[in-house]
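None of the figures in this text is laboratory data; all of them are computed from the coordinates on show. Note that the coordinates shown come from a computational prediction; the quantities given were computed from them, not determined experimentally. Cβ placement follows ideal geometry from the backbone for every residue including glycine, while neighbour counts extend to all protein chains displayed.
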Amino acid sequence: MKSLKQAFAFMTILPIHLNEQLSPGDLGKASAWYPLVGVFIGGLVWLAKYGLQLIFPPLLTAVLCVAVWIFLSGGLHLDGLADCFDGMLNSSLPARRLEIMKDPRLGTFGGLGLLLAVLIKVAAVYSLAPGHDWIAILTAAALGRWMILLAGKQPLARPGGMGADFALGLTKASFAWAVILPVVLVILGGWRGLLAAGLAHLVALGIFGLARSRLGGVTGDVYGLIVEVTELVVLLTFAVQIR
């Protein structure tokens with residue numbers, strides 16, 4: 001129960017009070033629940049979509065749904081995406097890129113990446129076919145948070161910090177429990193779910209490779225980038241129209 005509370009407290013804005021202090025590795029131990037947190041977030045987003053579409057036109061509904069999505073996660077992963085765009089696309093040396101990613105100021109690349117990510121997500125949610133929207137949203141949110149576990153097994157760009165603490169608590173049991181919900185959702189999604197999962201993992205491998213070459217490894221910001229990109233890949237796959 002402690003790990004479950006930590007997972008929701010870390011991954012959402014829910015006012016969950018933790019009586020215990022975080023110990024080394026606790027974030028990694030809580031990762032077994034991350035896909036469940038994703039299903040929770042995705043479920044609320046879909047419920048919002050279901051209700052909002054009764055009173056608003058489709059485009060406005062999509063915008064409001066993405067706003068709910070961002071609000072529930074506190075913009076945590078979008079912050080990582082923006083930092084990665086600022087740092088990883090910079091032409092400096094790896095050490096300087098890491099410094100840029102720690103800078104709280106938003107650069108041009110980060111601003112553009114943030115804008116594009118939100119716009120693409122809105123357009124993808126808007127384009128989801130009725131009847132497929134629930135599985136697309138739930139799969140995107142759950143699979144995105146499953147990818148955090150894969151990121152935790154990559155080499156670190158800098159010693160210490162959240163990434164090292166997260167990797168410390170990752171176990172085989174964490175992976176075994178965390179994979180259950182994403183697999184179920186992917187199967188329920190049919191060929192689109194399978195294709196989305198395959199593409200998301202391929203893109204994740206590409207991002208891990210890019211992080212190693214540009215930064216020397218992954219950081220906490222790369223974790224956020226992986227979540228956002230995975231969600232986009234899944235939503236875009238479900239939004240594909242075959243004529």
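Hey, among the residues in the range 165-174 that are in contact (Cβ under 8 Å) with a residue 40 or more places away in the chain and not polar (S, T, N, Q), which one's surrounded by the fewest Cβ atoms within 10 Å (Cβ to Cβ)?
Restricting attention to the range 165-174, the residues satisfying the condition of being in contact (Cβ under 8 Å) with a residue 40 or more places away in the chain are 165-171, 173-174.
Still in the running and not polar (S, T, N, Q): 165-170, 173.
Numbers: 165: 18, 166: 24, 167: 18, 168: 16, 169: 19, 170: 21, 173: 10.
So, considering only residues that are in contact (Cβ under 8 Å) with a residue 40 or more places away in the chain and not polar (S, T, N, Q), the one surrounded by the fewest Cβ atoms within 10 Å (Cβ to Cβ) is 173.
How many residues does the range 124-153 contain that are surrounded by 16 or more Cβ atoms within 10 Å (Cβ to Cβ) and under 30 Å from residue 53 (Cα atoms)?
Summing the residues that are surrounded by 16 or more Cβ atoms within 10 Å (Cβ to Cβ) and under 30 Å from residue 53 (Cα atoms) in the range 124-153 gives 19.
Could you look through the range 190-223, keep only residues that are free of Cβ contacts under 8 Å to residues at least 40 places away in the same chain and closer than 16 Å to residue 101 by Cβ, and pick out the one that is surrounded by the most Cβ atoms within 10 Å (Cβ to Cβ)?
207
Residues are listed down the side, and each one gets a yes or a no for (1) closer than 19 Å to residue 12 by Cβ; (2) assigned to a helix (DSSP H, G or I); (3) touching a strand residue (DSSP E or B) at 6+ places or on another chain (Cβ under 8 Å):
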| site | (1), (2), (3) |
| --- | --- |
| 208 | no, yes, yes |
| 211 | no, yes, yes |
| 222 | no, yes, no |
| 231 | yes, yes, no |
| 235 | no, yes, no |
| 238 | no, yes, no |
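Just checking, does the range 154-164 include any residue being surrounded by fewer than 16 Cβ atoms within 10 Å (Cβ to Cβ), in a helix (DSSP H, G or I) and on the phi > 0 side of the Ramachandran plot? Give the derivation first.
Here is the first cut: in the range 154-164, the ones surrounded by fewer than 16 Cβ atoms within 10 Å (Cβ to Cβ) are 155, 159-162.
This time we only want the ones that are in a helix (DSSP H, G or I), so: 161-162.
Filter once more, keeping what is on the phi > 0 side of the Ramachandran plot: 161.
Yes; the residues of the range 154-164 include at least one that is surrounded by fewer than 16 Cβ atoms within 10 Å (Cβ to Cβ), in a helix (DSSP H, G or I) and on the phi > 0 side of the Ramachandran plot.
Provide a single number: the residues in the range 15-28 that are assigned to a loop (DSSP other than H, G, I, E, B), surrounded by 13 or more Cβ atoms within 10 Å (Cβ to Cβ) and touching a Leu at 6+ places or on another chain (Cβ under 9 Å).
The qualifying residues number 1.
Out of curiosity, is residue 81 within 28 Å of residue 113 (Cβ to Cβ), in contact (Cβ under 8 Å) with a residue 24 or more places away in the chain and exposed (fewer than 14 other Cβ atoms within 10 Å of the Cβ)?
No; evaluated as a whole, the condition is false for this residue.
Go through the range 224-243 and give me each residue that's crowded, with 20+ Cβ neighbours inside 10 Å and of a type in the set (S, T, N, Q). Even if it seems obvious, please write down each step before you answer.
In the first step, residues of the range 224-243 are kept if they are crowded, with 20+ Cβ neighbours inside 10 Å; the result is 224-235, 237-238.
Those that are crowded, with 20+ Cβ neighbours inside 10 Å and of a type in the set (S, T, N, Q): 230, 237.
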